[in-house]
Amino acid sequence: MRIVVASGKGGTGKTTVATSLALVAAQLHEVCFRECDVEAPNAALFLHPALDTHREVGILVPQIDTQLCTYCGKCARVCQFHAIAIVGKKALVFPDICHGCGSCTLVCPQEAISERLAVLGVIDSGLSPEGIAFAQGVMNVGQPMSVPILRELKKWCPELPHTHRGEQAREIDIRDAPPGASCPVVETLRGADFVLLVTEPTPFGLHDLKQVAAITRALGLPAGVVINRDGIGDDAVGAWCAAHDLPILLRIPMQRQIAEGIARGNTLVSAAPEYRPRFHDLLEAIIKRVDA
Ligand code: SF4
Ligand code: SF4
């Protein structure tokens with residue numbers, strides 16, 4: 001079962017919810033956690049995996065052999081991203097805007113194009129002390145494209161420890177989505193079974209919730225909402241969710257004990273253990289909705 005934890009707005013507590021959900025799920029199920037916030041991954045700070053495997057990931061970008069090239073321009077014409085230009089007897093490749101689709105290589109009549117790996121980042125993986133199979137994408141500084149890293153991260157297929165063999169045990173895949181509502185979020189959401197939308201009861205929280213909920217709806221994915229820092233604003237988020245048939249599955253009030261615990265690097269369920277049963281209920285509610 002693939003659960004994506006998303007929030008339009010950054011800083012709403014998405015990682016707080018995702019990591020606590022993973023810890024609680026790992027008590028009964030085989031859990032795999034994918035940190036998809038590749039520009040600022042921080043879930044490892046809370047789950048403490050031993051990241052002992054590192055793999056470079058990137059895209060294949062073209063390089064043109066000027067001995068073979070006849071400057072016919074077919075490669076430049078096929079490129080939807082204007083990443084190749086043929087100017088007179090010059091062939092120019094712009095790797096930063098190349099999407100690695102391979103079309104130019106396919107159309108070249110001279111077989112003058114070969115491909116090289118342009119590294120965009122790495123995928124680190126390992127096991128957490130609780131037996132959670134963990135992987136995080138980390139984008140290289142200055143790279144403009146995170147989607148190819150996310151695609152590789154989604155393909156990552158860990159050896160699960162299979163500690164739980166009871167009838168209830170399932171394989172649960174939790175993805176901590178990037179903030180925002182652009183291509184990396186869409187890529188993270190694709191293929192999910194359920195989307196948990198984390199928000200806060202403020203005008204900014206509601207504005208960004210609407211955006212990511214619209215993507216979720218467009219992709220036809222079932223969703224539910226967690227309201228974090230409940231009580232700091234008004235109930236406009238609650239009213240909007242009710243009007244749009246989005247169930248609120250958990251409310252986490254603004255509490256100094258939780259804020260201090262998280263600031264010290266603890267998960268929510270470690271900082272406030274009374275939340276463990278509530279996260280169990282949250283997971284059960286998600287499983288019921290997916291199975292329905
Ligand atoms: S398609 Fe091949 S031969 Fe034609 S311009 Fe591009 S690289 Fe050169
Ligand atoms: S691989 Fe695709 S995006 Fe890159 S230069 Fe070739 S056609 Fe353009």
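The values are calculated or read from the model by the stated rules, or taken from the named source; none is laboratory data. All values reported here derive from a predicted model rather than from experimental measurement. Heads up, the Cβs are rebuilt from the backbone with ideal geometry, glycines too, and the neighbour counts pull from every protein chain shown.
Going by the structure shown, is Gly58 surrounded by 14 or more Cβ atoms within 10 Å (Cβ to Cβ) and at pLDDT below 95?
Details: surrounded by 14 or more Cβ atoms within 10 Å (Cβ to Cβ): yes; at pLDDT below 95: yes.
For Gly58, the condition - surrounded by 14 or more Cβ atoms within 10 Å (Cβ to Cβ) and at pLDDT below 95 - is met.
Among (1) away from ligand 2 (no atom under 13 Å from the Cβ); (2) more than 19 Å from Val141 (Cα to Cα); (3) surrounded by 14 or more Cβ atoms within 10 Å (Cβ to Cβ), which single condition is Ile86 missing?
It fails just one condition, (1).
Take Gln80 and tell me if it is within 16 Å of ligand 2 (Cβ to nearest atom) and not acidic (Asp, Glu). Steps first, please.
Values: within 16 Å of ligand 2 (Cβ to nearest atom): yes; not acidic (Asp, Glu): yes.
Judged against the criteria, Gln80 is a match.
If a residue must be surrounded by fewer than 12 Cβ atoms within 10 Å (Cβ to Cβ), closer than 24 Å to Glu284 by Cα and either of a type outside the set (D, E, K, R) or in contact with a strand residue (DSSP E or B) (Cβ under 7 Å, 6 or more places away or on another chain) (or both), how many such residues does segment 244-273 contain?
2
Go through the residues of segment 33-54 one by one and say whether even a single one is within 16 Å of ligand 1 (Cβ to nearest atom) and closer than 28 Å to Ser182 by Cβ. Give the derivation first.
First, pick out the residues of segment 33-54 that are within 16 Å of ligand 1 (Cβ to nearest atom): none.
Checked segment 33-54: no residue is within 16 Å of ligand 1 (Cβ to nearest atom) and closer than 28 Å to Ser182 by Cβ.
Return yes when Gln110 is in the same structural domain as Pro179 (by TED's automatic domain parsing) and within 16 Å of ligand 2 (Cβ to nearest atom) and no when it is not. Before the answer, list the steps.
Working: in the same structural domain as Pro179 (by TED's automatic domain parsing): no; within 16 Å of ligand 2 (Cβ to nearest atom): yes.
In short, no.
Among Thr105, Thr66, Thr70, which is within 24 Å of Val119 (Cβ to Cβ), over 30 Å from the mean Cα position of the chain (by Cα), of a type in the set (S, T, N, Q) and not assigned by TED's automatic domain parsing to the domain that holds Arg151?
On the way: Thr66 fails: within 24 Å of Val119 (Cβ to Cβ); Thr70 fails: within 24 Å of Val119 (Cβ to Cβ).
Within the list Thr105, Thr66, Thr70, the selection yields Thr105.
Please go through segment 205-220 and give me each residue that is within 19 Å of Val17 (Cα to Cα) and either within 16 Å of the chain's Cα centre (by Cα) or aromatic (Phe, Trp, Tyr) (or both), ordered by number.
Those that are within 19 Å of Val17 (Cα to Cα) and either within 16 Å of the chain's Cα centre (by Cα) or aromatic (Phe, Trp, Tyr) (or both): Val212, Ala213, Thr216.
Determine which member of the set Val87, Val93, Val78 is touching a helix residue (DSSP H, G or I) at 6+ places or on another chain (Cβ under 6 Å), within 16 Å of ligand 1 (Cβ to nearest atom), outside the structural domain of Leu28 (by TED's automatic domain parsing) and over 30 Å from His162 (Cα atoms). Write out each step before concluding.
Working: Val87 fails: touching a helix residue (DSSP H, G or I) at 6+ places or on another chain (Cβ under 6 Å); Val93 fails: touching a helix residue (DSSP H, G or I) at 6+ places or on another chain (Cβ under 6 Å).
Sole residue among the options that is touching a helix residue (DSSP H, G or I) at 6+ places or on another chain (Cβ under 6 Å), within 16 Å of ligand 1 (Cβ to nearest atom), outside the structural domain of Leu28 (by TED's automatic domain parsing) and over 30 Å from His162 (Cα atoms): Val78.
Restricting to segment 135-185, name every residue that is surrounded by fewer than 18 Cβ atoms within 10 Å (Cβ to Cβ) and not in a loop (DSSP other than H, G, I, E, B).
Scanning segment 135-185 gives Val147, Arg151, Lys155, Glu171, Cys183.
Considering only segment 28-50, how many residues are part of a helix (DSSP H, G or I) and either buried (at least 24 other Cβ atoms within 10 Å of the Cβ) or in contact with an Asp or Glu (Cβ under 9 Å, 6 or more places away or on another chain) (or both)?
Step one: list which residues in segment 28-50 are part of a helix (DSSP H, G or I), which gives 44-47.
From what is left, the residues that are either buried (at least 24 other Cβ atoms within 10 Å of the Cβ) or in contact with an Asp or Glu (Cβ under 9 Å, 6 or more places away or on another chain) (or both) are 44, 47.
Summing the residues that are part of a helix (DSSP H, G or I) and either buried (at least 24 other Cβ atoms within 10 Å of the Cβ) or in contact with an Asp or Glu (Cβ under 9 Å, 6 or more places away or on another chain) (or both) in segment 28-50 gives 2.
Do the conditions hold for Phe33, that is, is it aromatic (Phe, Trp, Tyr) and either away from ligand 2 (no atom under 11 Å from the Cβ) or touching a residue at least 60 places away in the same chain (Cβ under 8 Å) (or both)? So that I can check it myself, show each step before the final result.
On the way: aromatic (Phe, Trp, Tyr): yes; either away from ligand 2 (no atom under 11 Å from the Cβ) or touching a residue at least 60 places away in the same chain (Cβ under 8 Å) (or both): yes.
The answer is yes for Phe33.
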